[in-house]
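Everything on this sheet refers to the single structure shown next.
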Amino acid sequence: MCGIVGYVGPRQSVPILMEGLERLEYRGYDSAGVAYIQDSNIRVEKQKGKLQVLQDALDTVEISSTVGIGHTRWATHGAPDQTNAHPHTDCEGNLALAHNGIIENYSNLKKDLIEKGHSFRSQTDTEVLAHLIEEYRGDMLEESVAEALKHVVGAYGVAVISREEPEKIVVARSGSPIVVGIGEGEYFVGSDTAALVKYTREVFYLEDGQIAVITADEARTFDVQLESEVESDKHTIPFDLQRIEKGGYPHFMLKEIHEQPTTLRDAMRGRLLPEDANVRLGGITDVLEEIENADQIYLTACGTSWHAALIGEYLIEEFVRTPVEVEYASEFRYRNPIITPKTVLIAISQSGETADTLAAVREAQAHGALCLGVCNVVGSTISRETTAGVYIHAGPEIGVASTKAFTSQVTVLTLLTVLLGRRNGLNRANGERIVHELSNLPQKAEQILADPEAIEAIAKEFSDRPNFLYLGRRYNYPVALEGALKLKEISYIHAEGYPAAEMKHGPIALIDDDMPVVFIATKDKSYDKVQSNMEEVRARNGRIIAIATEGDEEIRELADHVIYIPETESFLIPILASIPLQLLAYYIAVERGCNVDQPRNLAKSVTVE
Ligand code: AGP
């Protein structure tokens, strides 16, 4: 996903812009650029490729500037090249603009602007906005921006500077996040807080339909039509730079995998009530009764978060007995779902900015459903637009492949299940048992993470295979899906997850000695059935990697490789079993020389549809 940064104040702007873009690299990009004001002129430097290419170009020129914007681009319209990189300027080079989102009506606007004499350099939708602002040039930059945005259909987060008002940055938002950092006599702009946390932890978030006019001395927010000024709530960012740095690990992903004992503790901190055989989730106290009386719960998400939702479905239906449907957010919002006043929708999103998930929330809210958010990023759009919710407290997740957020999402969904279950028939003894075992998980996760070398060795043996199959049953079926997604998104190996029993309905045709099959074969109700599935794979020369329960010697007869995890409740296995699968994917990707933290074509948060 693209990233925007901006600075206005007494300091040199370009080094701050570049530092901010570095903090946004994890979002995925293919080109980058900065625009800054020097001697009342707009200067633009942009390059295809990584930030170092841009920095090398900047090092060749004398720069003295205190106002600027920057952008990392994840191509949507137009090839990832220097011409299409942002920032873009108007015909005369009087203004420059960086944009996140998609302008859906850009081709009609472009046609109209060309007829009016504007000349374009790029194939992007963004450049259209620069010329539109030029076309509607008013006395103040914010007036031109506001007028131009009236004609735009689509999503945007935009930052604009002008040589005619060289001490000003104008930002506006509709669907793509913009956060403003408040400094002492200086202001910072970012697509997310990681871009500015080095300089300030005091921020405010632009809401959809708002525009802000920022100078070194003040930041004033208005509705996008500039009809009324609004007071933005100030927030303090809950994390500092140390938590963003790699901490000595070669990749953010590996650091985040190893953070999981801590993040599991953080997900449960202050929430376990062993003395009551219950849990406390302060963020939903006010709506607990409404959730309890729901006639239908939708869990909606994308990608890994959707896998967490699947586990949530199994949990809630098993222990709360409320019907649950898991929906891909992108499907939910367009299929005219059945929503009644007793419908509850829970959106699960690490970033809290995924466009499809946000749209699903808005769709459900428009039809009267109670919407909750299970998010990681504090102050994210989904967390702010839902009525209530639960933060997972996993800290910044920089690696594009979600790991610690997933296990914390599942943990929070388990806590929610206990809370609802204890009001709907989950007795004290069972509540006590679950709460107690939850408190053991961080230490069990530590045990798994203590021996990554064994997993690394397995990864080396199979890193050249073109395809993988992941199989599991019941709670471990979503784990199979998640394990497959981890592998495919960072190693580019094709991998599929299936319910183990489904193998006989097609996938078994794929089995041969070149197709590694990963079984989540832990001791639970379906263990015997999974063993039969393993026999079927072995009979066809399939190579088996098994995730198994510590102490299970029997499994060694069936699997080529066994990765053990500590025993736990069957419905808590996903939190532990997914950790070795994260490591397996990580080490295979490293062995294949892939860009683990920023896999090709992927973005950390998909804020476009
Ligand atoms: C997971 O590893 C992927 N990066 C991706 O599937 C991700 O889970 C999905 O885009 C949803 O993101 P969100 O949780 O921020 O909404």
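The values are calculated or read from the model by the stated rules, or taken from the named source; none is laboratory data. Everything numeric here is computed off the predicted structure, so don't read it as measured data. Here the Cβ is made from the backbone with ideal geometry for all residues, glycine too, and neighbour counts use every protein chain on show. Calculation scope for accessible area: heavy atoms of the full protein, side chains included, ligands and nucleic acids excluded. Shrake-Rupley method; radii C 1.70, N 1.55, O 1.52, S 1.80 Å.
Descriptive notes on the structure:
- Of the Cα atoms belonging to the range 457-609, the radius of gyration and Dmax stand at 14.9, 48 Å.
- Solution diffusion estimate, µm²/s, Stokes-Einstein, the range 452-541, Kirkwood Rh from C-alpha pairs, 10 °C, viscosity 1.306 mPa s: 119 µm²/s
- Here the Kirkwood formula puts the hydrodynamic radius of the range 25-120 at 14.4 Å, using every distinct Cα pair.
- Alpha-carbon gyration tensor eigenvalues x 5, square-rooted, for the range 404-464, Å: 34, 13, 9
- Restricting the calculation to alpha carbons of the range 216-363 gives Rg and Dmax of 19.5, 56 angstrom.
- Based on Cα atoms of the range 411-503, Rg over Rh with Rh as the Kirkwood radius reads 1.09.
- What the Cα convex hull of the range 333-439 gives, in volume per residue, is 115 Å³.
- Principal axis extents of the Cα atoms in the range 298-352, from largest to smallest and rounded to whole angstrom, are 27, 25, 16.
- Contour excess over end-to-end distance, with Cα ends at D139 and N541 and 0.36 nm allotted per residue: 137.2 nm
- Put a dot 7 Å past the Cα of Y334, heading toward its Cβ, do the same for H367, and the two dots end up 1.6 nm apart.
- Calculated over the range 6-63: convex hull of Cα atoms, volume per residue (Å³): 79 Å³
- Using the 1.4 Å probe convention, the accessible area of the chain works out to 36 Å² per residue with neighbouring protein chains retained.
- Amide H contacts under 5 Å for T66: S13, I37, restricted to partners 5 or more places along the chain or on a different chain, H placed in the peptide plane at 1.01 Å from N.
- Placing a label point 7 Å from the Cα of R121 along the Cα-to-Cβ direction, the residues of the range 34-51 whose backbone N falls under 14 Å of that point are 34-36, 42-48.
- Remark: the range 516-533, residue by residue, has Karplus-estimated 3J(HN,Hα) of x, 10, 9, 9, 8, 10, 7, 6, 7, 4, 9, 4, 4, 5, 5, 4, 4, 4 Hz, where x stands for each Gly or Pro and the curve is 6.51 cos²θ - 1.76 cosθ + 1.60 at θ = phi - 60°.
- For the chain, alpha-carbon Rg relative to the globular expectation (2.2 N^0.38 Å, N residues): 1.01
- Placing unit charges on the Cβ atoms only, positive for Lys and Arg and negative for Asp and Glu, gives the range 100-193 a dipole magnitude near 360 debye about its Cα centre.
- Based on Cα atoms of the range 178-265, Rg over Rh with Rh as the Kirkwood radius reads 1.11.
- Percent accessible area from carbon and sulfur atoms, the chain, protein chains only, probe 1.4 Å: 46 percent
- Amide proton proximity set for E104, modelled H, under 5 Å, gap of 5+: V153, G154, A155
- Student exercise, the chain dipole from Lys, Arg, Asp, Glu Cβ charges, in Debye to nearest 20: 900 debye
- Each of the peptides 410-422, 11-23 was scored by the mean count of other Cβ atoms within 10 Å over its residues; in descending order, highest first, they stand as 410-422, 11-23.
- Coupling constants for the range 430-440 follow from the phi torsions by the Karplus curve (6.51 cos²θ - 1.76 cosθ + 1.60, θ = phi - 60°), and in residue order they are 5, x, 4, 4, 5, 4, 5, 5, 4, 5, 7 Hz; glycine and proline get x.
- Under 29 Å from the Cα of K404 - lysines, other chains or at least 8 residues apart: K50, K198, K234, K246, K255, K444, K460, K486, K488, K523, K525, K604
- The chain: angle of helix 573-591 to the longest principal axis, Cα-based, in degrees nearest 10: 60 degrees
- Residues of type aspartates and glutamates that K111 reaches as a straight line, Cα spacing below 14 Å, ignoring anything fewer than 8 places off in the same chain: D125, E127, E135
- Restricted to Cα atoms, the range 70-181 shows a radius of gyration and a Dmax of 12.7, 40 angstrom.
- Charged-residue dipole, Cβ positions (Lys, Arg, Asp, Glu), the range 55-134 about Cα centre, Debye nearest 20: 220 debye
- Loop-resident sites, the range 251-294, for trypsin sites (Lys or Arg not before Pro), counting at most 11 other Cβ within 10 Å (DSSP): R269
- Residue by residue, the range 231-237 carries 3J(HN,Hα) couplings of 9, 8, 5, 8, 10, 10, 5 Hz when phi is fed to the Karplus relation 6.51 cos²θ - 1.76 cosθ + 1.60 (θ = phi - 60°); x denotes Gly or Pro.
- Efficiency of FRET between E104 and V230 - r from beta-carbon atoms, R0 30 angstrom, step 0.05: 0.70
- Spin-label model distance (nm) - I63 vs D112, 7 Å beyond Cα toward Cβ: 3.6 nm
- Amide hydrogen proximity for N278: with H placed 1.01 Å from N in the peptide plane, the residues at 5 or more positions away or on another chain lying under 5 Å are L273.
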